[in-house]
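Since every read-out is calculated from the coordinates, none of them should be taken as a lab result. As the structure is a computational prediction, the values presented were derived from the model and not from experiment.
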Ligand SMILES: Cc1ncc(COP(=O)(O)O)c(C=O)c1O
């Protein structure tokens with residue numbers, strides 16, 4: 001018998017398309033999407049835009065491309081973009097903001113989210129003397145990945161949008177995991193998205209599609225985004241096979257995110273009981289669990305701990321003392337039980 005592979009908690013991006021999703025992909029009607037001929041891509045873009053309460057959508061290969069296009073549409077080189085601590089577009093997109101749109105970032109707070117008064121005090125308008133850069137965009141991530149999958153409540157988000165709009169600054173919502181926020185808060189994703197100037201959502205994370213994000217906004221925004229998608233090499237041809245996976249995911253895997261959240265909670269609560277690990281349970285609101293190796297643990301750091309459990313569990317090191325575990329479509333209750341047993345053996349014996 002083949003040895004059982006370790007349960008993979010590295011990311012919600014590791015999922016493989018289900019049999020039903022592959023069937024939907026195989027059956028997709030397709031055309032050349034660069035000519036605007038792919039009916040399945042059109043259907044996906046319309047379905048996502050409608051769910052977000054926005055006028056139009058653009059299918060793109062990745063969340064990174066969606067965020068980078070948003071920067072290109074909203075900003076010019078030398079502009080300032082306000083983001084939260086460890087925002088994906090600032091901390092993880094290979095410096096694309098600087099290299100492609102030529103923007104600089106002002107980073108707020110220490111948890112990922114920031115509040116309206118702080119934002120109001122940070123926005124910089126046109127400076128007649130030419131000394132200061134001008135704030136041209138506010139980017140908000142919800143849920144916040146590095147912040148622990150924490151949900152920014154609708155009221156708090158609306159407060160940020162109000163401040164930004166009062167100063168004439170648009171807001172881009174990096175909603176790679178907006179679906180998780182919506183399920184956790186029991187509201188429609190449109191509760192955040194419809195107030196935004198542009199929104200990117202991922203289909204390839206909790207929803208379990210193999211590829212794809214949709215960048216949404218007004219029709220005028222999407223027209224401009226379309227040009228940048230081509231420029232970045234994201235104009236795809238018979239992309240309907242991919243869009244079909246996205247449509248299937250939206251229809252069948254959205255409510256299922258509740259299971260991921262319940263499993264993350266179970267994992268976090270049990271890990272928090274183990275000696276040498278600290279988990280801030282108040283931040284475990286969706287499918288991400290961050291655990292910190294603390295003084296007195298039987299292991300020195302997060303990398304050592306993950307190496308000790310590697311036959312049963314895969315996770316990622318996200319700081320010298322911090323590891324991240326993510327629940328998703330391809331881990332079940334048994335995987336959580338297995339992971340907990342492995343961590344207990346490593347930390348208790
Ligand atoms: C908050 C956030 N935004 C954007 C992205 C980028 O998505 P992709 O991996 O599809 O480029 C990620 C990926 O993890 C993310 O967590």
Practice prompt. Normalise the Debye intensity by I(0) for region 256-347, one equal point scatterer per Cα, no solvent, then take log10 at q = 0.12, 0.13, 0.16 Å⁻¹ and round to two decimals.
Written response: -0.31, -0.36, -0.55
Practice prompt. Give the shape of region 91-143 as rounded, prolate or oblate, defined through the alpha-carbon gyration tensor: a ≥ b ≥ c are the square roots of its eigenvalues, a/c under 1.5 means rounded, and otherwise the shape is prolate if a/b is larger than b/c and oblate if not.
Written response: oblate
Worksheet, complete the sentence: Expressed in angstrom and rounded, the centroid-to-centroid distance over alpha carbons for region 214-243 and region 275-307 is 39 Å
Fill in: Rounded Å value of the spacing that divides the Cα centres of region 1-41 and region 178-201
23 Å
Discussion item. If I fit a long axis through the Cα atoms of helix 240-252 and take the longest principal axis of the Cα atoms of the chain, what angle between them do I get, 0 to 90°, rounded to 10?
Written reply: 60 degrees
Worksheet item: the chain: percent of C-alpha pairs farther apart than 24 Å?
Response: 57 percent
Worksheet item: When DSSP beta bridges are limited to those with both residues in region 73-209, what percentage is antiparallel, rounded to the nearest 5?
Response: 5 percent
Worksheet, complete the sentence: Taking every DSSP bridge whose two residues both lie in the chain, the antiparallel percent to the nearest 5 is 55 percent
